[in-house]
Every structure is written in C-alpha cells, then in structure tokens.
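Take a look at the structure below.
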Amino acid sequence: MSDPEKAGAWCVRTGLLTLRYLSLAVQYGIYVGIYLLEAGLLVALVVRRRLGGTLPVCLYLGLLLAVDGVGRSYVLYRYGYSSNEYGYFYWLTDVLLALGAFLLVCAFFRRACAHEAKMWRFVRLLLAFVLILTLGISLFALSRNYHQLFTGFIVDFQQNLYFTCLVLNTLLYILMQQIQSTDDELNLLVCGMGIQFAGPAANFALVHLTPGQDYASALYPYLGALCTMGMLLTWFYALVRAPQPSAIRAGEVPARELAAVVSREA
Amino acid sequence: MFVASLVLVVSTGLLFFYFQVACQRILRRKFDQEYFLAIVNANRLEFPVVRKALEEYEAPVEYARVCMTLKCDYLALTYLLKNAANVNQRYSGEERLLILYFKAVFFSLVARHWLRLHEQPPIFKLTAILQYFANVIGQRVSMVRFGNLTASDYLLSL
C-alpha cells in the first residue's frame, strides 16, 4: 500500500472510531438524563407529599429506576456490552418493564373511571382478561424460545407487546374523551405513556420489516431512550410544573375577611 | 409482514398524535388575565388580526402574507421570550417543546398549501401558540414594577 493510501485508510479508521465514540457519548448522555429525571421526579413527588395520589406512577418510576438505572448498569459493568448475560438481562427486563407499564395503564383506567362505577365493573373484567392473556402468552412464548432469544423472536415479541399496550392506552384516551374527563393531569400522564409505547413499537416494526439492515436496530437505543425521556418530561410537567388550580383552604383566608363575608351573607 | 407494516404505520401516527395532544394540553393553560393584549399592542403583532379575519369574516387565506405575518410574530415573540424579563435568558422545557410544535405545524401549513388542502386549521393552531407565548411574556413583564406602574400598565399607556 502506498503512503497516500495508508494515510487515507488511517483517516477513515480514525473517523469511524470518532463517530463511534461520539455516538456512545450521546447515548450515555441520554441515559444519564433519563436516570436523573426518574430520580428527580420520584424525589419531587415524595417531597411534595404526592405519593398517595400518584402511587402507581411512583411504583412504576421505582421499578424503572431499579431495573434500568441500577440493574442494567450493574450487569453492563460486570459482564460487558456484547456479553450474552447483558443481552438476556436487557431483553427480559424490557419485557418486565412493558408488563409494569401495562399494569400502570390499568391503574389509569381505574382513576379515569373513579366516578363511573358501572363502567368500571365492565372495564375491570376486560382488563383482567387482557392482562391474563398477555401474561400467559408472554410467559409461554418466552419459555419456549428462551434459548433462541436473539433470533428475531424478541423483536417480534416486543413489537406485539408494546403495540398491545399502545392500543390499550389509546382505548383509555378515547374512553376519557367519551366520559368528558376533566382530569388534565391524567390526560398528560396518558399522553406520556402513549409516547413511551408508540416509539419502540414503530421501531420494532421497522426492524422486522428491514431484515439484515443495521440502521433500524441501531436506532433503538436512541429512539427508545428518547421516548422514555419524552414520557418522563411530560409526567414532570403534569405532576410537578403544571400550574394547579389554586384551592383556598380555610386556614389561608384571614379571619376578618371570612367574618365579613359571613355577615354579608347573613 | 402485513402486521409489522400495520404496527409501523399506526404507531408512528399515534406517536405524533400524542405529541400533539401534550402540546395542546400545555396551550390550554389558563392565565388570570389576557396578558397577551399589552404585548401585541406594544410590538404591533398581527396574529390576532389574522385569526379574527379567518374567524369572523371567513376571509380567504392569503397564504404568502399570512405566512410572513406568522413568521415575523414568531421571531419577535421567541426573542422576547428569551430576553424580556427573563433572568436566565433561556427557554423553559415547555417553551422549547412549543417552539418545536410551532415548526411542525408551520411545516404542515406549507404541505397543506402545496397539496391544496384546507389551510385554516394549522393557522388557528399557530395563532394559539403565538398567543400562549405572548401571554407568558406579558405575565413575566407584569411582575416587573417601575415605580407605581407595572410594565404592562406602562406599555398600555403608550
């Protein structure tokens, strides 16, 4: 190889290496942002004493933080990115998180039907049926294909699981429009959940439709993480930042003003 | 193959749908007064006129003029949003999201024009976003006091 050719090859190699490190840095940046958002939202809910009203959200956030933030980071550190252990742990916990999100959507259904007892009775049965069906199919399919998890099975499986959750979430959104729910907070929580399901479902379908093309599967770490970030930011706005209607408690009204109003009413 | 195509199309559609719903929820925020009026008057913004013309007189859309008007108002308001009575001199999270939403809706307006579809819905959305920006600026400015006058009182008295 002549000197200019060697120099050219060296430039290409260095460029590719730089690009790889740059993409890894972006990926790590996104993930650190997600962990900070998860922890920040959880802390904000605890500090504001909103655990009672948002317990399902807090439990899901706790699961996300434990699995995504702690568990995966530990396994990655211990076994490395390209190890089988990390692969299995990542995909199996992804199924666990999707099922956790499914349960959270069920809790949102409960909240949406808080004043619709008759409807809740019907919805409860339907949700229980869908949950048992999804859980049964998931466990059956996973146990049968456990040793060939990376042969395209997991893409197909995850695509269907995420899409089922997305459909359920959209049904909840339609239901809320039907009963003219005024719960703006729940509306935003449902929107966040929709973003979280829709992105990965579309990405898995793209991977399925373009076999052998690396760009579709290379997109997942970014798209999946960005959708999670989108969900967390929407929740953050809904639960922490959105201006709440200012309710006046009795203690906050000066006694003199209160007495004046009472005497005027009398 | 068919199922995967269906999942791809529906999921992509729903991703954009949820993004739009989240933006619309932010835009539904109620302000305790109409702060945007002072900002519109002081900066001679024209988006309320565009909206009024479309709402009340059902005037045909003059595409080029409307685009220019909305773009100019957007540039003025985003500049004010960043610099007027803003100590940090940077956008908040929801402002960034709405800026992105404005660009997406503006793109849909251009696409609708080329496809010869109804142009009014995106124009109403764009004016709603601009009104929100003006309200945020007005609210911030109204908190700053100059002697006995708030900034918005001062602007209204011009």
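The values are calculated or read from the model by the stated rules, or taken from the named source; none is laboratory data. From a predicted model like this one, the values you see are computed outputs, not experimental measurements. Ideal geometry is used to build each Cβ from the backbone, glycine not excepted, and the neighbour counts take in all protein chains shown.
At-a-glance table
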{"quantity": "Sole residue being modelled with pLDDT under 90 and either surrounded by 13 or more Cβ atoms within 10 Å (Cβ to Cβ) or within 20 Å of A:ALA201 (Cβ to Cβ) (or both), chosen from A:LEU104, A:LEU135", "calculated": "A:LEU135"}
{"quantity": "Residue in segment A:81-89 that is closer than 24 Å to A:PHE140 by Cβ and either crowded, with 18+ Cβ neighbours inside 10 Å or of a type in the set (Gly, Ala, Ser) (or both) present", "calculated": "yes"}
{"quantity": "Members of segment A:30-50 found to be surrounded by 15 or more Cβ atoms within 10 Å (Cβ to Cβ) and free of Cβ contacts under 8 Å to residues at least 40 places away in the same chain, listed by number", "calculated": "A:TYR35, A:LEU42"}
{"quantity": "Total residues in segment A:135-167, condition more than 12 Å from chain B (Cβ to nearest Cβ), part of a helix (DSSP H, G or I) and of a type outside the set (S, T, N, Q)", "calculated": "13"}
{"quantity": "Filter result for A:GLY53 (under 19 Å from B:GLY93 (Cα atoms), without any contact (Cβ under 8 Å) to a residue 24 or more places away in the chain and either of a type outside the set (A, V, I, L, M) or in a loop (DSSP other than H, G, I, E, B) (or both))", "calculated": "no"}
{"quantity": "Sole exception among (1) within 14 Å of another protein chain (Cβ to nearest Cβ); (2) small (Gly, Ala, Ser); (3) more than 17 Å from the chain's Cα centre (by Cα) for B:GLY93, by number", "calculated": "(3)"}
{"quantity": "Selection within segment B:18-44 - closer than 18 Å to A:LEU186 by Cα, assigned to a helix (DSSP H, G or I) and touching a residue at least 60 places away in the same chain (Cβ under 8 Å)", "calculated": "B:PHE19, B:GLN20, B:ALA22, B:CYS23, B:ILE26, B:LEU27"}
{"quantity": "Subset of segment B:56-97 [within 15 Å of B:ILE123 (Cα to Cα) and in contact (Cβ under 8 Å) with a residue 60 or more places away in the chain]", "calculated": "B:VAL61, B:LEU70"}
{"quantity": "Answer residue from segment A:175-196, given it is more than 8 Å from chain B (Cβ to nearest Cβ), under 17 Å from A:THR228 (Cα atoms) and of a type in the set (A, V, I, L, M, F, W, C) and is surrounded by the fewest Cβ atoms within 10 Å (Cβ to Cβ) among those", "calculated": "A:LEU189"}
{"quantity": "Members of segment A:151-160 found to be under 16 Å from A:ASN84 (Cβ atoms) and under 23 Å from the mean Cα position of the chain (by Cα), listed by number", "calculated": "A:PHE153, A:ILE154"}
{"quantity": "Number of the exception - A:ASP94 against (1) at pLDDT 85 or above; (2) not in a helix (DSSP H, G or I)", "calculated": "(2)"}
{"quantity": "Verdict on B:LEU6 being modelled with pLDDT of 90 or more, in contact with a helix residue (DSSP H, G or I) (Cβ under 9 Å, 6 or more places away or on another chain), closer than 29 Å to A:TYR162 by Cα and within 14 Å of chain A (Cβ to nearest Cβ)", "calculated": "no"}
{"quantity": "Whichever residue in segment A:198-211 is more than 8 Å from chain B (Cβ to nearest Cβ) and touching a residue at least 24 places away in the same chain (Cβ under 8 Å) and, among such residues, is nearest to A:CYS58 (Cα to Cα)", "calculated": "A:PRO200"}
{"quantity": "Test set (1) surrounded by 11 or more Cβ atoms within 10 Å (Cβ to Cβ); (2) over 18 Å from A:PRO56 (Cα atoms); (3) more than 18 Å from the chain's Cα centre (by Cα); (4) without any contact (Cβ under 8 Å) to a residue 60 or more places away in the chain - A:VAL167 fails condition number", "calculated": "(3)"}
{"quantity": "Complete set of residues in segment B:99-138 that are out of contact with any Lys or Arg (no Cβ under 8 Å at 6 or more places or on another chain), over 17 Å from B:GLU62 (Cβ atoms) and among the β-branched types (Val, Ile, Thr)", "calculated": "B:ILE99, B:ILE129, B:VAL136, B:ILE137"}
{"quantity": "Residue in segment A:12-23 that is surrounded by fewer than 17 Cβ atoms within 10 Å (Cβ to Cβ) and under 30 Å from A:TRP235 (Cα atoms) present", "calculated": "yes"}
{"quantity": "Within segment B:9-44, tally of residues that are more than 12 Å from chain A (Cβ to nearest Cβ) and among the polar types (S, T, N, Q)", "calculated": "3"}
{"quantity": "Unique match (being in contact with a helix residue (DSSP H, G or I) (Cβ under 8 Å, 6 or more places away or on another chain) and surrounded by fewer than 21 Cβ atoms within 10 Å (Cβ to Cβ)) among B:ILE99, B:ILE123", "calculated": "B:ILE99"}
{"quantity": "Cβ-Cβ under 6 Å pairs, at least 6 apart or on other chains, segment A:119-133 side on the phi < 0 side of the Ramachandran plot, far side at pLDDT 85 or above and outside any helix (DSSP H, G or I)", "calculated": "A:MET119/A:CYS113; A:TRP120/A:CYS113; A:VAL123/A:CYS113"}
{"quantity": "Test result for A:LEU172, out of contact with any Leu (no Cβ under 6 Å at 6 or more places or on another chain), on the phi < 0 side of the Ramachandran plot, among the hydrophobic types (A, V, I, L, M, F, W, C) and within 14 Å of chain B (Cβ to nearest Cβ)", "calculated": "yes"}
